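Have a look at the structure below, then the notes.
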Amino acid sequence: MSGNWLLPAETTSSGRPVLQPAEVESSLQPSVDLVNEENPNLPIFKSGLLILTTYRLLWLPNPESTTSAPTSTAVAVPLAAITHIFQSKKSIKGMFASPRVRFQVSVTPDGKVQERGSKSIVITLVFRGKSDPDSFVVKLNEAWRGRAWVGAVSASGAGQSSTPAVLGDSGGSSSSNTGLALKMPVVGVSGILRKEQEMWESTDKSLQDAFQDLNALMTKAKDMVILAEKMRQKLLSSSNSQSNSTNDEETASKEEMQEWMLSVGIVSPVTKESAGALYHQELSRQLADFVKTPLERAGGIMNLIDIYCLFNRARGTELISPDDLLRACSLWDKFNVPVMLKKFESGVMVIQNKSHSDEEVFSRIRSLVQKPDAMKTGISATDAARTLGIAPAMAKEHLLAAESKGFLCRDVSPDGFRFYINIFQDIDPNDVYLVKEYGVYDAWNRAAIASR
């Protein structure tokens, strides 16, 4: 089996890698080959997407060269298994060849990459696309030396080491001594200088305290996001396994908790700095993964403006523009994702699941509008929203679309829009007074007589 010497990497339905808790992407490089120098008989991973995270090196197959959904051919190299990164040598010959990055990893006796293996091999990355290997090597060294995979130990150590020891000691001791000592009278130039020095020391101590609090908040923020994600996954699993044993109040409480957890944030948002030229492609894939849960809760369709607000809130400070969102949605046609962008005739743009069929929606609307009460008074967007399980604004767009298809007729009054079943199709133009004893016209006539 090809690639059995590397660890498999899990991907989403849109082709994005499934990241571990607290794992953050650092760099994305297109068209990269992954070669095992020790065993040239092994197949080469050619022209794939290389993703550097704080934990792993991920290699994903090129989505443009595959017609099916991403498979298990995605592989990973843990940064913990890397033992040495070779420095690239500049030469005249290298100017006419593809840039290469070589590093050494530990492997097991049977040749599988593993942390603290008994043997070692050399892996070569060949950059064939438009990329910046030099900046990639810098980020690779930073991620490898940062050892973020160690976990909570390094996080707490980073929080403690972020305190400036020299400035803190000098500022704290000076301010405490001045607080306990007798206040010297401000006399002459020396007194003015001493007062200025005390004021600067007090300001310096206040700034140190403020930045210590800020560093502590930034250190704990990532842990809180990880904790919230674990709680959300636990709530989702418990709701699936105990759906029959919970009452309505507990179910509503869990749904409210899930909605709150959903807005905590995306741990590793795609940015222009990390993705480079692949920014809109990776943003499109990440957006397709993100909208699954909101669409399920909204009945399979949501306004593009609502998605924009939810996505930006989840990204935190890494906000995107409306043009970036629209461009990311337009790229879904190239990817095998279960969502799509749709534009109604009124100009309203929505995101919906591909399983959200217009024919099914029109059939449900037709069943609703043919009820006896609806025959007499019609239906509103709110009535359709209750039946379809979507927002009233989206239900109104479906009603207008059904009207354009000839299924409904619209009545505009001070009370708003009311939609009725279209009976004009059953009326004979040669004899408008002829009432058939079957069809929609007959049902409407019977409902009108019964209401008298």
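A few notes on this one:
- Entry remark, the range 1-42: residues being among the hydroxyl-bearing types (S, T, Y), assigned to a loop (DSSP other than H, G, I, E, B) and open to solvent by less than 60 Å² (accessible area, probe 1.4 Å) number 3 in total.
- Considering residues of the range 388-440 that are among the hydrophobic types (A, V, I, L, M, F, W, C), in a loop (DSSP other than H, G, I, E, B) and at pLDDT 75 or above only, the residue farthest from G347 (Cα to Cα): I423
- All positions within the range 331-353 that are more than 19 Å from N62 (Cα to Cα) and of a type in the set (F, W, Y): F344
- Candidates are the residues of the range 103-130 that are open to solvent by 40 Å² or more (accessible area, probe 1.4 Å) and closer than 20 Å to V32 by Cα; the one that is modelled with the lowest pLDDT is K130.
- Of all residue pairs spaced 6 or more apart or on separate chains, those with beta-carbon atoms under 9 Å, a first member in the range 106-131 that is at positive phi and a second member that is surrounded by 14 or more Cβ atoms within 10 Å (Cβ to Cβ) and among the small types (G, A, S) are R116/A80; R116/A81; R116/S106.
- Hey, P99 buried (at least 16 other Cβ atoms within 10 Å of the Cβ), in contact with a helix residue (DSSP H, G or I) (Cβ under 8 Å, 6 or more places away or on another chain), under 15 Å from P133 (Cα atoms) and at pLDDT below 90 or not: yes
- Count - residues of the range 352-387 that are closer than 12 Å to I301 by Cα, open to solvent by less than 40 Å² (accessible area, probe 1.4 Å) and part of a helix (DSSP H, G or I): 2
- Qualifying residue in the range 298-312 (condition: open to solvent by 60 Å² or more (accessible area, probe 1.4 Å), modelled with pLDDT under 90 and assigned to a loop (DSSP other than H, G, I, E, B)): no
- Residues of the range 260-274 that turn out to be over 16 Å from T11 (Cβ atoms) and at pLDDT 60 or above, as a count: 8
- Scanning the range 277-291 for residues that are at pLDDT below 90 and either within 13 Å of the chain's Cα centre (by Cα) or open to solvent by 40 Å² or more (accessible area, probe 1.4 Å) (or both) yields a total of 1.
- Residue list for the range 64-78, filter: over 17 Å from S131 (Cβ atoms), surrounded by fewer than 21 Cβ atoms within 10 Å (Cβ to Cβ) and at pLDDT below 90: S65, T66, T67, S68, A69, T71, S72, T73
- Taken over the range 397-431, the residue count meeting the criterion of being under 20 Å from K371 (Cβ atoms) and of a type in the set (S, T, Y) is 1.
- D333 open to solvent by 80 Å² or more (accessible area, probe 1.4 Å), not assigned by TED's automatic domain parsing to the domain that holds L304 and not in a strand (DSSP E or B): no
- Every pair of residues 6+ apart whose Cβ atoms lie under 9 Å, when the first sits in the range 299-310 and is at positive phi while the second is of a type outside the set (F, W, Y) and in a loop (DSSP other than H, G, I, E, B): G299/H356; G299/G389; G299/I390; G299/A391; G300/S355; G300/H356; G300/G389; G300/I390
The values are calculated or read from the model by the stated rules, or taken from the named source; none is laboratory data. From a predicted model like this one, the values you see are computed outputs, not experimental measurements. Using ideal geometry, Cβ is built from the backbone for each residue, glycine included, and neighbour counts are taken over all protein chains shown. Please note that ligands, DNA and RNA were not included when accessible areas were found on the heavy atoms of the full protein model with its side chains. Shrake-Rupley method; radii C 1.70, N 1.55, O 1.52, S 1.80 Å.
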